[in-house]
Amino acid sequence: HCAAAIPQQKPPRLSGPREAADPAAAGAVLALAYPDRIAQLRPGQPGRFLLRNGRGAMLLPGQTLAREPFLVVASLDDAGAEGRILVAAPLAETELARVAEGHVVEEEVVEWRSVLRAVTARRVSRLGALILADRSLGTPDPERALRAALAGIRKDGLAVLPWSDAANTFRARVRFLHRVDPSWPDVSDEALLATLEGWLGPHLYGRWRRSELERLDLAPILGALIPRNRRNDLDREAPERITVPSGSQIVVNYADPAGPVLAVRLQELFGQRESPRIAGGRVPLTLHLLSPAYRPVQVTQDLAGFWATAYFEVRKELRGRYPKHHWPENPLEAEAVRGPKRRRP
């Protein structure tokens, strides 16, 4: 017979009784006897094959048939995760085409490719689990591309989208307000993934290339989730910046789940008695009080308590480290400054 029997040891080549017959003919005969045992070499993986029925099978990489594009497996030990090929013969592509005639399925595959972060469209010829031909198509059907993109983003997560600083900041502000008042939109990962079709779908239609997806501007897309009659409330209740006594407009950081943070140099708050509050006065900002070199010296939500107690120890330390700066005994009566100020005589 012309099928190769796979020895139990690990030889450099397959061996077995052979006759002076055409191996391709043997493969064709075996394909008729074992149509579900037609196997295709996995790309770039010598010795590893995929059977028509979807089962994996393997040879040792150095064995004779390990690089054949197609085999027919006559005997298989399928005890493991991948079956071990015991007897097989090569199958020429011309014979494969003859055996597969009438059984090949042609289909257009439109799918999200995680590695590309894009939708691809291909025309695929399949024989069971085997892909006999795979041709790239130009432009996919827009409805199918949209469904594929939404499914892919839902599977891979929102991180595949082009989150700009503006989009991240906007989302953090709305997330904060939702924690304080659930009537604000829920923009958590779970909520946004569950409602992709509504808020993102219209902006994905006709966009399937990675370059097109990367041009999405998510800040205004998310902004559309805020009802028109509440958009001014957003700026009032979760402002991007707070004006401090020195006149500086300091960015509020909403990223911390524990609450919004205002990192500001201590001198810029002289004269401010209470911690700034947002969300209609319901939430005090967590103040990260900084030195003139923007190094943290204290964290508090109770500015009045800080002035009355901890300030005096902090003042003593800062006077030694920054003698050119003014560190008044009574910070509530002092003028807020952005930098060094000559002390009054």
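FYI, it's all coordinate maths here, none of it is from the lab. Worth saying up front: this structure is predicted, and the values here are computed from it rather than measured. Heads up, the Cβs are rebuilt from the backbone with ideal geometry, glycines too, and the neighbour counts pull from every protein chain shown.
Using the count of nearby Cβ atoms within 10 Å as a rough guide to exposure, how do ILE38, ILE278 rank from fewest to most? Could you put the intermediate results ahead of the total?
Details: ILE38 26, ILE278 23.
If I rank by nearby Cβ atoms, fewest first, I get ILE278, ILE38.
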Sparse-neighbourhood loop sites, trypsin sites (Lys or Arg not before Pro) in the range 202-284 - DSSP loop, at most 11 other Cβ within 10 angstrom: ARG215, ARG273, ARG282
In Hz, Karplus ³J(HN,Hα) per residue of the range 245-251 (6.51, -1.76, 1.60; θ = phi - 60°; x = Gly, Pro): x, 6, x, 5, 9, 9, 5
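Return the loop-located chymotrypsin sites (Phe, Trp or Tyr not before Pro) in the range 262-343 (DSSP other than H, G, I, E, B) with at most 16 other Cβ atoms within 10 Å of their own Cβ; answer none if there are none. Before the final figure, lay out the partial values.
Details: sites: PHE270, TYR294, PHE306, TRP307, TYR311, PHE312; in loops: PHE270, TYR294.
For chymotrypsin sites (Phe, Trp or Tyr not before Pro) across the range 262-343 that sit outside H, G, I, E and B with at most 16 neighbouring Cβ atoms in 10 Å, the list reads TYR294.
Per DSSP H run of at least 4 residues, take -39500 (n - 2.57); add these up for the chain, divide by its residues and hand me the 222 nm value, nearest 500 deg cm²/dmol.
Details: 12 runs with 99 residues, N = 345.
Taken over the chain, the calculation gives -8000 deg cm²/dmol.
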For the range 134-148, 3J(HN,Hα) per residue [Karplus equation, 6.51 cos²θ - 1.76 cosθ + 1.60, θ = phi - 60°, Hz, x = Gly/Pro]: 8, 10, 6, 9, x, 9, x, 4, x, 5, 5, 5, 4, 4, 5
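Normalized C-alpha radius of gyration of the range 158-231, against 2.2 N^0.38 Å?
Numbers: Rg = 12.5 Å, N = 74, 2.2 N^0.38 = 11.3 Å.
My calculation over the Cα atoms of the range 158-231 gives 1.11.
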Cβ-defined net charge surrounding LEU289, 11 Å radius [Lys, Arg +1; Asp, Glu -1]: +1
Alpha-carbon Debye profile of the range 200-295, log10 I(q)/I(0) at 0.23, 0.25 Å⁻¹: -1.17, -1.30
Scattering curve values for the range 239-321, log₁₀ I(q)/I(0), Debye with Cα scatterers, q = 0.22, 0.24 Å⁻¹: -1.10, -1.29
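For the range 48-149, report the translational diffusion coefficient in µm²/s to the nearest whole number, using Stokes-Einstein at 10 °C, 1.306 mPa s, and a Kirkwood Rh over Cα pairs.
Details: Rh = 15.7 Å.
Stokes-Einstein gives a translational diffusion coefficient of 101 µm²/s.
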Table column - 3J(HN,Hα) (Hz), the range 159-171, Karplus curve with 6.51, -1.76, 1.60, x for Gly and Pro: 5, 6, 7, x, 7, 7, 4, 5, 5, 4, 5, 4, 5
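Can you sort THR300, THR195 by how many other beta carbons sit within 10 Å, fewest first? All intermediate terms of the calculation are to be shown ahead of the outcome.
Values: THR300 18, THR195 15.
Taking fewest neighbouring Cβ atoms as first place, the list is THR195, THR300.
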Cut-off under 5 Å, modelled amide H: who pairs with LEU86 long-range: SER75, LEU76, ASP77
Built amide H within the under 5 Å cut-off of ALA263, gap 5+: ASN253, HIS288
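With 30 Å as the cut-off, how large is the P(r) tail for the chain, expressed as percent of Cα-Cα pairs? Can you show the working numbers first?
On the way: 36923 of 59340 pairs.
The answer is 62 percent, as a whole percent.
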Amide hydrogen neighbours beyond the local backbone of VAL283, cut-off 5 Å, H modeled: ILE278
